[in-house]
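A.B. asks: Before I ask anything, let me first share the structure, which is written out below as structure tokens.
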Amino acid sequence: MTGPTLVELAVPLRLGSISGGRFDLAPAAIRGALDRFVAHRPDEPARIEQLGLTLEVAQDLAEVASMTPADAFEPIRRHVEVTMERARSGGAAVLLGGDNSITRPGVHAAAGESGLGRTGLLTIDAHHDIRETDGGLTNGNPIRALLEDGLQGWNVIQVGIQPFANPADHAEVAREAGIAVVTADEARRRGVADVVADTLEALGRRVDVIYVDLDVDVLDRAFAPACPGSRPGGLTPWEVQAAATVCGRHPKVRIMDIVEVDPDRDVAGVTAFTAASLVLSFAGGLAARMGR
């Protein structure tokens, strides 16, 4: 019997970054790291196919590497919609960014016929990503842009927000929009996996579909040197792996992106390896969702 499908799509958008960088190189780096994972127990699969899932790799959206976020919006939205259609038997999609600008078209694609009003967004991120949009779309304002598009603030929950990484006026915009915020310190105290599980349960009661935006800069900088936005005091890889597994288990999570990795800034491949482990963790959760 064919298992549920996990569809992987590379979205190497990079011109939206306010810090510069070669985020377009991340999909290849993450895939290379995935190839180096091995298992030492029968119950510890190192390949997505070993989980009882069908893995499909969609054709890369290589052309968006030379586009601005505004120009890339429609190509990304359209391709992500097709990608989600390919995620058969209750499957899901994972987008390998690219910078965080891919989240806006990704959420629009996930919304589909339900519309933004019935769509939930969980961000696992050090930042609110809520800069003003007057100067154009960047990786610093996809959440602000989505709110302006009609996404309901009370259907957005942000986990991992870090101190010394967000201006006070950004926190105020999030508060006024009704966004629920769980800081990195609070998530640690309560348990990151438990916080994410509670978040998804709350969102799942009021939306039809949930999009997960996993910005790798939520990690402590020691674990994510390839993320320009990472700071000391972030989460650990094992905490975020557990969170990704919980996301994969939830039936309304149809899509997750992994963004903000610049391999040119990496040290010994540590960030790419961690990002690859997050793909495997999400896949493991999806397999558990389907009882495999």
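The values are calculated or read from the model by the stated rules, or taken from the named source; none is laboratory data. Every value quoted in this text rests on a predicted model; they were computed, and no experiment measured them. Counting neighbours? That spans all protein chains shown, and the Cβs are built from the backbone with ideal geometry, glycine included.
A.B. asks: Would you list the strands (runs of 3 or more DSSP E) that sit entirely within region 124-234 and hold 2 or more residues that are in contact with a Lys or Arg (Cβ under 9 Å, 6 or more places away or on another chain)? Talk me through it step by step, then tell me what you get.
C.D. replies: Numbers: elements: 156-161, 180-183, 209-215.
In region 124-234, 180-183, 209-215 are the strands (runs of 3 or more DSSP E) which contain 2 or more residues that are in contact with a Lys or Arg (Cβ under 9 Å, 6 or more places away or on another chain).
A.B. asks: Shifting gears a bit: Can you name the residue in region 83-103 that is in a helix (DSSP H, G or I) and out of contact with any helix residue (DSSP H, G or I) (no Cβ under 9 Å at 6 or more places or on another chain) and is also surrounded by the fewest Cβ atoms within 10 Å (Cβ to Cβ) among such residues? Outline the logic, then answer.
C.D. replies: Going through region 83-103, the residues in a helix (DSSP H, G or I) turn out to be 83-86, 100-103.
In the following step, the residues that additionally are out of contact with any helix residue (DSSP H, G or I) (no Cβ under 9 Å at 6 or more places or on another chain) were identified as 85-86.
Working: 85: 11, 86: 15.
Once the filter is applied, the top-ranked residue is 85.
A.B. asks: If you check 123, 133, which single one turns out to be crowded, with 22+ Cβ neighbours inside 10 Å, at pLDDT 95 or above and not hydrophobic (A, V, I, L, M, F, W, C)? Spell out how you get there, then give the answer.
C.D. replies: Numbers: 133 fails: crowded, with 22+ Cβ neighbours inside 10 Å.
Within the list 123, 133, the selection yields 123.
A.B. asks: Inspect all residues belonging to region 167-182 and state whether any of them is surrounded by fewer than 23 Cβ atoms within 10 Å (Cβ to Cβ) and under 17 Å from the mean Cα position of the chain (by Cα).
C.D. replies: So far as region 167-182 goes, yes, one or more of its residues are surrounded by fewer than 23 Cβ atoms within 10 Å (Cβ to Cβ) and under 17 Å from the mean Cα position of the chain (by Cα).
A.B. asks: For a quick check of your reading of the model, give me the residue pairs whose first member lies in region 66-87 and is over 30 Å from residue 53 (Cβ atoms), whose second is surrounded by 15 or more Cβ atoms within 10 Å (Cβ to Cβ) and of a type in the set (Gly, Ala, Ser), with beta-carbon atoms closer than 6 Å and at least 6 apart or on different chains.
C.D. replies: Filtered contacts from region 66-87: 69/16; 69/101.
A.B. asks: Name every residue in region 202-246 that is over 20 Å from residue 157 (Cα atoms) and among the aromatic types (Phe, Trp, Tyr), in order of residue number.
C.D. replies: 223, 238
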